[in-house]
Amino acid sequence: MTAAARHPAPAWPESWGEEAEPRVGFFTDTSVCIGCKACEVACKEWNGVPDESDGLSGNSYDNSLDLGANRWRHVAFVEQRVEVGGVGSSAPDSWVEEASRQQLVEQGLPIHDGADGFRWLMSSDVCKHCTEAGCLDACPTGSIFRTEHGTVVVQEDICNGCGYCVTACPFGVLDRRSDDGRVWKCTLCYDRLQDDMEPACAQACPTDSIQFGELEVLRRRAADRVEHLHERGVASARLYGADDDDGVGGFGAFFLLLDEPETYGLPPDPVVPTRHLPEAFAAAAAASAALLAGVAAAFIGRSAR
Amino acid sequence: MSDRGGGEQRMVPKGKPRSYYDQPVVKRPVWTWEIPCYFFVGGMAGASAPLAWAAGATGNERLAKRAWGVGLAGVAVSPVLLISDLGRPERFLNMLRVFKITSPMSVGTWILAANGTLIAPAALAAITRRAPRIFAAAAPLAALAGPGLSTYTAVLVANSAIPVWSEARRTLPFLFAAGSAASAGAAATLLTPAAAAGPARRLAIAGGIAELFAAETMERKLGEAGGPYESGTPGRLAKAAKAMTAAGAATMAIGRRRRGAVRIGAALLLAGAACERWAVYKAGFASAADPAYTVGPQRDRLER
């Protein structure tokens, strides 16, 4: 990204001055997620998020599918089976040796459970509360704003349901409720933050897969955790969204993943649309000038006939 | 395998990017038919203003009045379309709480408001032949502001996480500008006596040719991201738009001395421009629905 394409709007903490609080967020460590969905339930209970059930999806144990207006936490279930033994008809003498030859351990695949190369990936997804939030930039009413905690919140008394934020989010987080007409998403429990309480999902999480706190603290803890996992042989552990130099200026809610982000339904290199906006406006200015020139040209020559 | 991008040699050629049960990564738009209709109607109104002003300035009053009429109708219908698409139409005034340069929809709200404020008095003054001072004040400004109304809608869709729109951000404004010129010219041609319709006819033909060129350029530059324009509903709409626009421009050019041919050509150009906007609109849905369009280019970027 060039310097010219950097973000133009004032963000936290500048926009809050002395009222600014430390920036808070989530560190979701998927390596300890057990897929219990307590976060989904706690979020729905606390925030009064309506039910939206389409029955059984057939996608492993995931029947809530994705984030949306009526789902502000979503637990993904990935089943991965790696063919041990490779191509060919002859089975290896030892599954353990074969797994070792294919470096399955180094790649983060547990080889216990009969060494069949099967593993679960479970991850609780949530709004990323981006440093450069496409939804906030796009909102034409000022309904979406950045709070004193550095989080991104939709004000439901302002939102008129234009839907522009829905297409501006690189993660597909926001959506419109069909019966209500407004857009809804995770508020990082803005109401609970006012009373120094942690968000409902983080409080409900029984394994501390969801950790709430000041972003700086969470990032240091996450870096230590990745290092620890690498030492333990889980080479595939990586942080997602913990880098200020990424396409959205870093996430307020970031993740420790055990595979590529797209495996969990996350974009591998998200970029906030606003960064490309100067290019688009420049092209529109040029096209407008061309349109005026075209009209002028239509009057040249056999004019007025 | 666990780490496709992990530096190990690829055992299989590059195929479809991985995804979570083939589910979309980005959300599809919640917009309905009003939005592509507005892209067409608003664009036509925006291009009609400079056409009308230039016609008046060159003494072609018959063309001027009708082109102002098209502009007036356009800016009258546009807000109705936009407000009815809102999830909470009664809250449309919230759009006027703020002006945000980072939001093309906010910028566009003010562009439409400005165009309405300028085109309506200019058009009413031109049609009724009254209030020359109001006309003199509003008309030139309306002519200057009009093209902004024709092109900002391209920025509006380009400023999104939907690849087929976002990746076309440099070409889409030209496509919308050309389509607006073609439709403004064609609408004025249909309404104006042939003897006075020359400039409108030329604008329609030139706009149609430019629209074909812009669509072709956009689709070529999009490469793989332009897949939605190759198949399915948006693909059919894009093909139909091109066929109608080409036939319309050719009919108007070849049959310019025959009134029937000119009218058929103008109608085809209008239909082509409307159809092209529908193709762009529908392409966004197809692009959002397939995670490969979102993940593929991002993965390529990381591995480059």
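Once you list every other residue whose beta carbon is under 13 Å from the beta carbon of residue A:58, what net charge do they have if Lys and Arg are +1 and Asp and Glu are -1? Around residue A:58, the charge tally is -4.
The stretch between residue A:195 and residue A:118 holds 23.3 nm of extra length on full extension. This uses 0.36 nm per residue minus the Cα-Cα distance.
By the beta carbon rule, with partners counted only under 4.7 Å, the protein assembly as shown holds these lone Cys residues: A:33, A:36, A:43, A:130, A:139, A:159, A:162, A:169, A:189, A:205, B:37, B:275. In percent, how large is the relative contact order of chain B, given Cα pairs closer than 8 Å and 6 or more residues apart? For chain B, the relative contact order is 23 percent. Per-residue 3J(HN,Hα) values for segment A:52-61, derived from phi via the Karplus relation 6.51 cos²θ - 1.76 cosθ + 1.60 with θ = phi - 60°, read 8, 10, 10, x, 7, 8, x, 8, 6, 9 Hz in sequence order (x marks Gly and Pro).
GNM on chain B, alpha-carbon springs under 10 angstrom: the most fluctuating residue among B:220, B:169, B:256 is B:220. What does the C-alpha gyration tensor say about the overall shape of segment B:34-293? Classify as rounded when a/c is under 1.5, otherwise prolate if a/b is larger than b/c, or oblate. Oblate is the answer for segment B:34-293, as a/c is 1.5 or above yet b/c matches or exceeds a/b.
Other residues with beta-carbon under 13 Å from the beta-carbon of residue B:281 carry, at +1 per Lys or Arg and -1 per Asp or Glu, a net charge of 0. Amide H to amide H distances under 5 Å link residue A:210 with A:29, where only residues 5 or more positions off or on other chains count and H is placed in the peptide plane.
For an R0 of 35 angstrom, estimate the FRET efficiency from the Cβ-Cβ distance between residue B:250 and residue B:217 and round to the nearest 0.05. According to the calculation, E is roughly 0.95. For segment B:202-239, backbone nitrogen atoms closer than 14 Å to the point 7 Å from residue B:300 Cα along Cα-to-C-beta are found at B:220-228.
Projecting label points 7 angstrom from Cα along Cα→Cβ for residue A:214 and residue A:285 puts them 4.2 nm apart. Report the per residue volume, in Å³, of the convex hull enclosing the C-alpha atoms of the protein assembly as shown. Each residue corresponds to 167 Å³ of Cα convex hull volume.
Only Cα pairs under 8 Å and 6+ residues apart enter the sum, and on that basis the relative contact order of segment B:62-160 stands at 31 percent. Label-to-label distance, residue B:127 versus residue A:60, with points set 7 angstrom from Cα along the beta-carbon direction: 6.2 nm.
Only aspartates and glutamates eight or more places from residue B:16 in sequence, or on another chain, were considered; those with a Cα closer than 13 Å are A:262, B:224, B:290, B:300.
Straight Cα distances below 20 angstrom link residue A:37 to the lysines A:128, A:185, with same-chain residues fewer than 8 positions distant left out. Once the chain from residue A:178 to residue A:21 is taken as fully extended at 0.36 nm per residue, the excess over their C-alpha distance is 53.0 nm.
Put simply, the amide H of residue B:230, placed in the peptide plane, has no neighbours under 5 Å, leaving out anything fewer than 5 places away on its chain.
With each label modelled as a point 7 angstrom along the Cα→C-beta vector, the residue A:14-residue B:33 pair spans 4.6 nm.
Phi angles across segment B:165-181 convert, under the Karplus curve 6.51 cos²θ - 1.76 cosθ + 1.60 with θ = phi - 60°, into 3J(HN,Hα) values of 8, 4, 6, 9, 4, 7, 9, 4, x, 6, 4, 5, 4, 5, x, 5, 4 Hz, Gly and Pro given as x.
Within a straight-line Cα-Cα reach of under 25 Å, residue B:239 can be paired with the following lysines, leaving aside sequence neighbours fewer than 8 residues apart in one chain: B:221, B:282.
Other residues within the sphere of radius under 12 Å centred on the Cβ of residue B:26, judged by their own Cβ, net out at -1 (K and R +1, D and E -1).
Only the coordinates and a few stated rules stand behind these numbers; no lab work does. The model shown is predicted, which means the values in this text are computed figures rather than measured ones. Every residue, glycine as well, gets a Cβ built from its backbone with ideal geometry; the counts of neighbours run over all protein chains shown.
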